[in-house]
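Notes follow once the structure below has been shown.
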Amino acid sequence: MPLSKITFKPGVNRETTSYGDENGWFDSDLIRFRKGRPEKMGGWTRLTSQTIEGVGRSLHTWSTLDNSNLMGLGTEAKFYIENGGGYNDITPIRSTVTLGTNPFTTGSAGSGILTVTAPAHGAVNGDFVTFSGSSAVDSIGASAINREHEITLIDSNSFTVTTTGSAGSGSTAGGGSSVIAAYQINTGLGTVVSGNGWGAGLYGGISSFYSQTTLATGINDSITSAIVLTSASDFETAATTTSADLTATSASIPVANSSGFPSKGTVKIGSEFIRYTTNASNALSDLTRASDGSTAATSSSGDAVTFVGLIKIENELLLYTGKTSNTLDAGVVRGARGTTAVSHSSGVDVKEANDFIGWGDAASTSASVGSNIRLWSQDNFGEDLVMNVFDGGVYYWDKTLGLNARATPLSSQSGASDTPTVARKVLISGADRHVICFGCNPRGETDQDLLQVRWSDQENPFNWTPQVDNTAGGIRISSGSQIISAQRTRQEILIWTDVNMHAMRFVGGDLVFSFSLVAGNTSLLGPNVSVTVGDRVFWMDRENFYAYSGSVQVIPCTVLRYVFDNINLEQSFKFFAASNRMFDEVFWFYATADSEEVNKYVKFNYTEGTWDIGSLARTAWVDYGIHDNPRGCGVTGGANVVYIHENGEDDDGTAMTCFIESADFDQGDGETYMFMNRLIPDIDITDSSTDSSGSVSYILKTRNFPGDSLTTNSTNAVTPTTQQVFLRGRSRQAVLRIQSSVKDMAWTLGDLRMDIRPDGRR
């Protein structure tokens, strides 16, 4: 029989059914369309073996006069300047104080934990502090103390740090009278907190999660004897005894040794569950008696005190009191705190939830309703860097002070005048060189105004006082309730509020900047979902993708429903847009409905108008320009790293699995069965391996009706020298999938020719 040429339409289309998009592409992963042809995306490698503290959420690159190529990198915990593969911590210092005499107290003998007495320290759990001036304490050397530490909060006047040393006798105070503590700015949230108290988040409350693993074995709704985890090493267990009698109303629990207990949680004494929020000096205090449905009771000195762990599996809370290896095997209570016991499959997330705040509890003071993750905006002013924490402080890094110099508040710079102290976003206006803050505090006020826009004097990032002989000024946007974000273009700055979009243009003279309404009924899904490419701006809102180049246009999207029908809008602050000008592409990275972290992308080729989809866990991105390749933040082996993209063909040294899958095709509108006997591949394979063993799989799937499941009919390996493959498939409809999982190989798909003939109606 003569060969039939099947020409597939460029781009992935999920706006119709697989059968409805005949001769189109229906699914993809890690491919791109170039000149209408699908090809494998480029690979990525780690920038350096070094890791970063926290998840990277902001990247910015620039060059200096000495030809240094720098990159600013912001996380919820730190801010770094990268140069030559080295990360320099420039996180601003919040305060520097001299502690009282002998502020450190060791824990038990052999432990490296120090309790720090620091009145009104202002730190939150996970903050960083650097000590200096301390002497050795109880065999823990000064060098182990005088360094940076992560804080574990006890209360407003004390916290613990873990050193590399080991206490000799334990319970010993020391450090001397000259200990200085330099506190870095408070770390931010790693995930969005949608609210506090009853009815927010999980039914009955919310939690700040610390440790996380997965179920190693699925469980039904009644299992209480053994919950097997992939790893339980980070999940708390502890036991001690009371050191005094307790009444049913005692407000503190004196214990023999509380060093093994976390800073807050729940304990069990007899049959009573008691929650505590303070652990200090071998006493658990700030108690909630008779919790978890128990009854307040008396106890005697020497009675057992057992820590009660709380975990979250999907929407269920579970209690436990003990573990053996990776198994929680004691005191397991299903469906705790108003949740319902249900079955859970192997591999689902298991999260520690000891900080859970439920119905009837006081709301957290550390996170307000609608609290968002810590996002950084940044832009270079010449060689220096201006950065801002979303709804937080504005900081300045002076390059002349060196890569190890920390950023300092903009308001503390020499000559600073009326500088904003809180803002949502900061950027430099462009050729006119004004520093602009959006959603900042008005001049002369300390409270933030979410519609306020202010700018510095031209060529002076420190002078924000409007005068007749300078260009500093400000304005309040006239519509909406808050500025979401802003984006610089070649000719103007676009500002999105929650209801519309404005343009800010430099005009000089007395006005300095003009403001005009560009479009109504459009906004941003999150602060980082817009990107500028040349003279065009691309963004997404809650229901569409848009482009702007003088006027706003909705971008026709062939995967619109696929994206918005499966998206976690609660985590939209993590979503971001990214450009890859090497291939005329714009990405939007987002989280699906079942994920709290970015795990998918949708990609638009703005030159050819094609869309494709795939899975790629990236949290920040910067395009090529200063550096030869794009860069993206991701996670490998639980460590936060930066990748160089379009670098090689692989996933950081391992094979990258990619595919493109067609929509259904048939013959004669499916009136008859078709017999597929032979396929002649047209594919350009580039194999850079030493053995040239690369191959691409051609997978034929068949079904007889649109509602049937696809059945894999045959899988055929195609190499650069393959002339033809034999299929022998019979069906009314068929799907072709081209897939590869081979190192050091790239490919571009051409046309497809198949030997297809009618084969009867039955």
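Could you check how many residues of segment 75-90 are crowded, with 20+ Cβ neighbours inside 10 Å and assigned to a loop (DSSP other than H, G, I, E, B)?
Filtering segment 75-90 down to residues crowded, with 20+ Cβ neighbours inside 10 Å leaves 75-82, 87, 90.
Now narrow it down to the ones that are assigned to a loop (DSSP other than H, G, I, E, B): 76-78, 90.
Of the residues in segment 75-90, 4 are crowded, with 20+ Cβ neighbours inside 10 Å and assigned to a loop (DSSP other than H, G, I, E, B).
Taking residue 138 as the residue in question, decide whether it is charged (D, E, K, R) and more than 37 Å from the chain's Cα centre (by Cα). It would help to see each step written out before you state the result.
On the way: charged (D, E, K, R): yes; more than 37 Å from the chain's Cα centre (by Cα): yes.
Answer is yes for this residue.
If a residue has to be of a type in the set (A, V, I, L, M, F, W, C) and crowded, with 17+ Cβ neighbours inside 10 Å to count, how many in segment 91-111 make the cut? Don't jump to the end; show me each part of the working.
Pass one, segment 91-111, residues of a type in the set (A, V, I, L, M, F, W, C): 93, 97, 99, 104, 109.
Pick out the ones that are also crowded, with 17+ Cβ neighbours inside 10 Å and you get 99, 104.
Of the residues in that region, 2 qualify.
Please find, among 41, 71, the residue that is surrounded by fewer than 21 Cβ atoms within 10 Å (Cβ to Cβ) and within 26 Å of residue 575 (Cβ to Cβ). I'd like the intermediate steps shown before the answer.
Numbers: 41 fails: surrounded by fewer than 21 Cβ atoms within 10 Å (Cβ to Cβ).
Selected residue: 71, the only one of 41, 71 that is surrounded by fewer than 21 Cβ atoms within 10 Å (Cβ to Cβ) and within 26 Å of residue 575 (Cβ to Cβ).
Is there any pair with a first residue in segment 224-243 that is without any contact (Cβ under 8 Å) to a residue 60 or more places away in the chain and a second that is among the aliphatic types (A, V, I, L, M) whose Cβ atoms are under 7 Å apart and which are 6 or more apart or on different chains, and what are they?
Close Cβ pairs satisfying both conditions: 243/255; 243/256.
Would you pick out the residues in segment 297-316 that are surrounded by 16 or more Cβ atoms within 10 Å (Cβ to Cβ) and among the aliphatic types (A, V, I, L, M)?
305, 308, 310, 311, 313
Among the residues of segment 273-284, how many are farther than 12 Å from residue 307 by Cα and either assigned to a strand (DSSP E or B) or of a type in the set (Ser, Thr, Tyr) (or both)? Walk me through how you get there before you give the answer.
Taking segment 273-284 first, the residues farther than 12 Å from residue 307 by Cα are 277-283.
Add one more test, that the residue is either assigned to a strand (DSSP E or B) or of a type in the set (Ser, Thr, Tyr) (or both), and what stays is 277-281, 283.
Residues meeting the conditions: 6.
Regarding residue 96, is this residue touching a residue at least 12 places away in the same chain (Cβ under 8 Å) and part of a strand (DSSP E or B)?
On the way: touching a residue at least 12 places away in the same chain (Cβ under 8 Å): yes; part of a strand (DSSP E or B): yes.
So residue 96 fits the description; yes.
If I filter segment 298-306 for residues that are on the phi < 0 side of the Ramachandran plot, without any contact (Cβ under 8 Å) to a residue 40 or more places away in the chain and not hydrophobic (A, V, I, L, M, F, W, C), do I get at least one hit?
From segment 298-306, those on the phi < 0 side of the Ramachandran plot are 298-301, 303-306; that's our starting set.
Right, trim to without any contact (Cβ under 8 Å) to a residue 40 or more places away in the chain and you get none.
The answer is no, given that none of the residues of segment 298-306 is on the phi < 0 side of the Ramachandran plot, without any contact (Cβ under 8 Å) to a residue 40 or more places away in the chain and not hydrophobic (A, V, I, L, M, F, W, C).
Do any strands (runs of 3 or more DSSP E) lying entirely in segment 171-264 carry at least 3 residues that are modelled with pLDDT under 90 and within 25 Å of the chain's Cα centre (by Cα), and which ones are they?
Per the criteria, 212-214.
Quick check, is residue 114 touching a residue at least 12 places away in the same chain (Cβ under 8 Å), out of contact with any Lys or Arg (no Cβ under 7 Å at 6 or more places or on another chain), under 21 Å from residue 388 (Cα atoms) and buried (at least 16 other Cβ atoms within 10 Å of the Cβ)? Step through it out loud before you land on a result.
Working: touching a residue at least 12 places away in the same chain (Cβ under 8 Å): yes; out of contact with any Lys or Arg (no Cβ under 7 Å at 6 or more places or on another chain): yes; under 21 Å from residue 388 (Cα atoms): no; buried (at least 16 other Cβ atoms within 10 Å of the Cβ): yes.
When the stated conditions are applied, residue 114 does not pass them.
Just to be sure before I move on: is residue 80 at pLDDT below 95 and aromatic (Phe, Trp, Tyr) in the structure I sent? Give the steps one after another, and end with the answer.
Values: at pLDDT below 95: no; aromatic (Phe, Trp, Tyr): yes.
No; evaluated as a whole, the condition is false for this residue.
Here is a yes/no grid of residues against (1) β-branched (Val, Ile, Thr); (2) without any contact (Cβ under 8 Å) to a residue 40 or more places away in the chain; (3) in contact with a Ser or Thr (Cβ under 9 Å, 6 or more places away or on another chain):
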| site | (1), (2), (3) |
| --- | --- |
| 595 | no, yes, no |
| 599 | no, yes, yes |
| 614 | no, no, yes |
| 625 | no, no, yes |
| 633 | no, no, yes |
| 647 | no, no, yes |
| 651 | no, no, yes |
| 666 | no, no, yes |
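Residue 263 - would you say it is outside the structural domain of residue 105 (by TED's automatic domain parsing) and either free of Cβ contacts under 8 Å to residues at least 40 places away in the same chain or touching a Pro at 6+ places or on another chain (Cβ under 8 Å) (or both)? Show your work before the answer.
Numbers: outside the structural domain of residue 105 (by TED's automatic domain parsing): yes; either free of Cβ contacts under 8 Å to residues at least 40 places away in the same chain or touching a Pro at 6+ places or on another chain (Cβ under 8 Å) (or both): no.
Criteria not met by residue 263.
Keeping to segment 725-740, report how many residues are at pLDDT below 95, of a type outside the set (A, V, I, L, M, F, W, C) and out of contact with any Asp or Glu (no Cβ under 9 Å at 6 or more places or on another chain).
So the count comes out to 2.
The values are calculated or read from the model by the stated rules, or taken from the named source; none is laboratory data. Everything numeric in this text was worked out from a predicted model, so none of it was measured. Cβ: placed from backbone, ideal geometry, glycine included. Neighbour counts: every protein chain shown.
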